[in-house]
1. Return the residue satisfying two criteria in turn: it lies in the range 4-18 and is exposed (fewer than 14 other Cβ atoms within 10 Å of the Cβ) and among the charged types (D, E, K, R), and of such residues it is nearest to Lys87 (Cα to Cα).
2. Which members of the range 64-80 meet the condition of being within 15 Å of Thr171 (Cα to Cα) and not β-branched (Val, Ile, Thr)?
3. Looking at Lys121, Lys80, can you tell me which residue is closer than 28 Å to Gln6 by Cα, charged (D, E, K, R) and touching a Phe, Trp or Tyr at 6+ places or on another chain (Cβ under 7 Å)?
4. Hey, can you tell me all the residues within the range 109-130 that are assigned to a loop (DSSP other than H, G, I, E, B) and either more than 29 Å from Lys9 (Cα to Cα) or among the charged types (D, E, K, R) (or both)?
5. State whether one or more residues within the range 1-12 are at pLDDT below 95 and out of contact with any His (no Cβ under 6 Å at 6 or more places or on another chain).
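The values are calculated or read from the model by the stated rules, or taken from the named source; none is laboratory data. Quantities reported herein were computed from a predicted structural model and do not represent experimental measurements. Note that each Cβ is placed from the backbone with ideal geometry, even for glycine, and that neighbours are counted across all protein chains shown.
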Amino acid sequence: MLKVLQNPKTQKYLEFKEYILHSSFFPWYYRSHSTPSTNETKTGHIDVGFFSHTFLNRAEEKGYPAPYSELTETTVEICKEILDWNKISLVTLLRLNANFLNPYFKTVNTIPHVDHNYKHKNMLIYLTDSGGNTIVEGEVHEPQEDDAIIFQGKHYAQTPIFERRVIIIATFIDEEML
């Protein structure tokens, strides 16, 4: 279900990461719910707020994925670099976002969810080394800085304990799915 990818860490990627993590000009927007599209609750899981920056709106919002940020093109190129490096043939991106989750000083499980109600894959790129595991259908990924993973299925995150967890999330369709 979950596959760890190689991240070639190109110059473009490293500059992009530096900008997101350290620029006072990169805008973050607070969202009070991590999974607004689900009504699911589960013992031991909570709906945590987080900060977000949308690069590419969900396809469901306009009927197609729409660019939403001046950094959309760069973010798309970085995702393609990683997918190409791993010989994954991208057909289309469905959503592209940066998420920033503050530490909780204890491990908290977010709400299990799927990102779209149709067949898709997720790619997460971890920009920080803060912890905050990702769990996909019971499989646990303990992220390190610059890790990239892809997966399908219901998933959730665990909150970091001491430092912020910053990721890029892309949902997509690849040739393997056709």
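1. Within the range 4-18, the match that is nearest to Lys87 (Cα to Cα) is Lys12.
2. Tyr64, Pro65, Ala66, Pro67, Glu77, Cys79, Lys80
3. Lys121
4. Ile111, Pro112, Asp115, Asn117, Tyr118, Lys119, Asp129
5. Scanning the range 1-12 turns up at least one residue that is at pLDDT below 95 and out of contact with any His (no Cβ under 6 Å at 6 or more places or on another chain).
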